1. Run the simple label-point estimate for A:A194 and A:A62 please: 7 Å along Cα→C-beta, distance reported in nm.
2. Taking θ as phi - 60°, what are the ³J(HN,Hα) couplings along the range A:168-175 by the Karplus curve (6.51, -1.76, 1.60), each to the nearest whole Hz, with x for Gly and Pro?
3. Can you give the convex hull volume of the alpha carbon atoms of the range B:102-144 per residue, in Å³?
4. Just to verify a number: what accessible area does B:Y10 come out at with the full protein assembly present, 1.4 Å probe, Å² rounded to tens?
5. Give the long-range amide H neighbours of B:L85: residues separated by 5 or more places, or on another chain, with amide H under 5 Å away, using H modelled in the peptide plane at 1.01 Å from N.
6. Quick one: buried accessible area between A and B, total over both chains, 1.4 angstrom probe, nearest 100 Å²?
7. What percent of all Cα-Cα pairs in the range B:44-161 falls in each 5 Å bin, counting up from 0?
8. Output ³J(HN,Hα) for the range A:3-10: one whole-Hz value per residue in order, computed from phi by the Karplus curve 6.51 cos²θ - 1.76 cosθ + 1.60 with θ = phi - 60°, and x for Gly and Pro.
Amino acid sequence: MQLADRIEKRRFVGRELLLWLWMESELFDGTLHTEEHGAFGFWLEKQLVLSAESESTSIKAAAPGLGREAKEALLRGQLPERFAVRISKDDEETSLVLTGDTLALRALKLATVLDKKEEAVIGDLVDELAGRTRGRKKKKAESEEDEETPFYERMSKAAEVEALLGTLYRDFLRLRLDARWDAVVVPTMRQWAAGEDVDADAYRAAKRGKSTKGAKGAKAAKGTRK
Amino acid sequence: MSALSGSLSYSRFFVTLQGRDGTIRSAGSAADGSLPRGFLDRSYEKLLHHAMRPLDADEPESERSGWCVLGDPLDVSLPKERVYLEGFVNLGFRTDKWVIPGAMLRTRLRQAELAYREQVGREKLSRRERAELKEVVTRELRKKLVPSTRAVDLTWSLDEGLVRFFSHTASAMLSMVDLFEKTFGAKLVAESPYTLASRLRGEDDPIALDDEALWEALTPTILVPEGDA
């Protein structure tokens, strides 16, 4: 199989990564963990788009993954196409839109940019309530500061975000390519999507269980699934 | 499409180099992933060769792409110190295009056809005559307009062997990949769930994350068995 074919036929894995991140974020109350990065905040915000073939569901809400609409879309066979996510680590907040098929990053707002914007928004509201109209000037100043943000700092912070997401993807693949995916993750996903109670601690312990190397175990697990 | 301000939206491409023995290896990611000695000096000449050459109204091309300075589309001189910076190759991918408003072209073409019909004393024009008139009118109108210019920032992190291209537009990505390969002689592989896996492989991983047999066996996860959905 040509590289281009291998890439195209395996894009679904990116959507499954998004699904797994979404589920883990909810099960672990918005706190994920990797060996390299320790614990950090990770939660869906603002937008979630799910799709399957011609059917699509777009949810815009503060916490778009929490409602039944999103889970119902999953139960109709849709998978997350993209979502906006907030990452909070070491007192720094980053937001971005993650796309499943390509794993491309969009609208990545780095910690420095986010901080300034939020300060500006708060400042604007205070000004507005006080009857002052300084908001626009503040935004202009903010945009000038943005442009002066050193290129290397921006690239370095972008690389840090990519490294964090890369580690999450690696952890996901360790499960996805292992028998634990079918034996542990998929049954938990089904419970979670159906709105049933999920024992997050039991899930955490089970997914940390001994890795079963190769797809043989996965196939065996598939065979026992109803 | 800027790397310098605002939020960032970009596509990632892995840089691969072909060795003398024909093997493809990732540039920057592996222990042997360093660029060949003198690579950047040699590539600078090619870079200048592929610098953006602004469109001329008398040339037949309606669109052209080339390199410019990152963040400064009008600077196509590509000074070395602005391109090669502390482990990065920074460039702008500039595309110029003649965009003639349809209504303007149709009106001017009609006028030209009328004048030509009177001149030759014929009511009907051949297809070839009409095509030639269109070409003449297009060139005439181009002289009155300026081409549209679009520039997308690109930064190649040499240590990571990774190109960040600040656009998701498929046509821009295709043109950029083509120009990059012509300029640097290195192939770009677009990031995808499959291609990223090979870069994440850790030495202590119990399984190879890019193991072809494991990927070949993967089938999409089905949360709801058929019939229950």
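1. Taking the simple label geometry, A:A194 and A:A62 are separated by 3.1 nm.
2. 4, 5, 4, 4, 4, 5, 4, 7
3. 68 Å³
4. 0 Å²
5. B:N90
6. 4400 Å²
7. Histogram of Cα-Cα distances, whole percents per bin: 2, 11, 16, 15, 12, 10, 8, 7, 6, 5, 3, 2, 1, 0.
8. For the range A:3-10, the Karplus curve yields 4, 4, 5, 4, 4, 5, 5, 10 Hz.
The values are calculated or read from the model by the stated rules, or taken from the named source; none is laboratory data. Since this is a predicted model, take the numbers as computed values, not measurements. Don't worry about glycine lacking a Cβ; one is built from the backbone with ideal geometry, like all the others, and counts go over all protein chains shown. Please note that ligands, DNA and RNA were not included when accessible areas were found on the heavy atoms of the full protein model with its side chains. Shrake-Rupley method; radii C 1.70, N 1.55, O 1.52, S 1.80 Å.
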